[in-house]
Amino acid sequence: MRAVAIEPETPANQSDSPPSTASVDDRVRDLLRQVIDPEVGVNIVDLGLVYRIDANASGVRIEMTMTSPACPLGEMIVDEARALLIAGLPGSGEPDISLVWNPPWEPSMMSERAKESLGWSE
């Protein structure tokens with residue numbers, strides 16, 4: 001696992017109100033973009049591996065997949081995602097990350113940025 005320093009995000013407005021769910025979801029997505037699938041060299045968000053993000057007062061729940069159920073690096077990728085979320089979202093507790101296989105991942109789930117980086121753009 002590669003070490004990544006995460007600077008806590010400073011809120012633009014200093015009110016005492018909790019951040020909106022959308023902003024927390026965006027922060028989670030930004031943190032997960034730092035997790036690179038080492039076999040492909042593209043982050044897990046742009047690869048389309050992150051299926052669901054639920055972030056609320058009780059914590060963060062992620063449903064994600066791998067490009068293949070036989071992926072030998074799946075556990076390492078999940079561990080890296082967990083470590084980044086713990087470091088990047090202090091006070092949110094241990095994230096619940098589940099690997100799911102339905103729907104099966106397919107290349108069409110990748111972002112245009114990922115397709116371009118792999119030379120698959122049309």
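The values are calculated or read from the model by the stated rules, or taken from the named source; none is laboratory data. Predicted model only: the values in this text are computed from it and were never measured. Ideal geometry is used to build each Cβ from the backbone, glycine not excepted, and the neighbour counts take in all protein chains shown.
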Exercise for the section: With the checklist (1) in contact with a Ser or Thr (Cβ under 7 Å, 6 or more places away or on another chain); (2) at pLDDT below 95 in hand, flag the one item Glu63 doesn't pass. Expected result: (2)
Practice task
Output yes when any residue across the range 56-75 is out of contact with any strand residue (DSSP E or B) (no Cβ under 8 Å at 6 or more places or on another chain), part of a loop (DSSP other than H, G, I, E, B), hydroxyl-bearing (Ser, Thr, Tyr) and in contact (Cβ under 8 Å) with a residue 24 or more places away in the chain, and no when none is.
Solution key: yes
Practice task
Please indicate, with yes or no, whether at least one residue in the range 42-53 is within 24 Å of Ser23 (Cβ to Cβ), outside any loop (DSSP other than H, G, I, E, B) and among the aliphatic types (A, V, I, L, M).
Solution key: yes
Problem - Residue ID - farthest from the chain's Cα centre (by Cα), chosen from residues in the range 41-50 that are farther than 13 Å from Val78 by Cβ and surrounded by 16 or more Cβ atoms within 10 Å (Cβ to Cβ) - result: Val42
Completion exercise
Log entry, pairs with first residue in the range 94-113 being surrounded by 11 or more Cβ atoms within 10 Å (Cβ to Cβ) and at pLDDT 95 or above, second being in a loop (DSSP other than H, G, I, E, B) and of a type in the set (A, V, I, L, M), beta carbons closer than 6 Å, six or more apart or on different chains, reads Met110/Leu47
Problem - Condition met for Pro18 (modelled with pLDDT under 95, of a type outside the set (Ser, Thr, Tyr) and loosely packed, with under 15 Cβ neighbours inside 10 Å) - result: yes
Practice task
Name every residue in the range 52-80 that is surrounded by fewer than 18 Cβ atoms within 10 Å (Cβ to Cβ), under 21 Å from Ser117 (Cβ atoms) and in contact with an Asp or Glu (Cβ under 9 Å, 6 or more places away or on another chain), in order of residue number.
Solution key: Cys71, Leu73
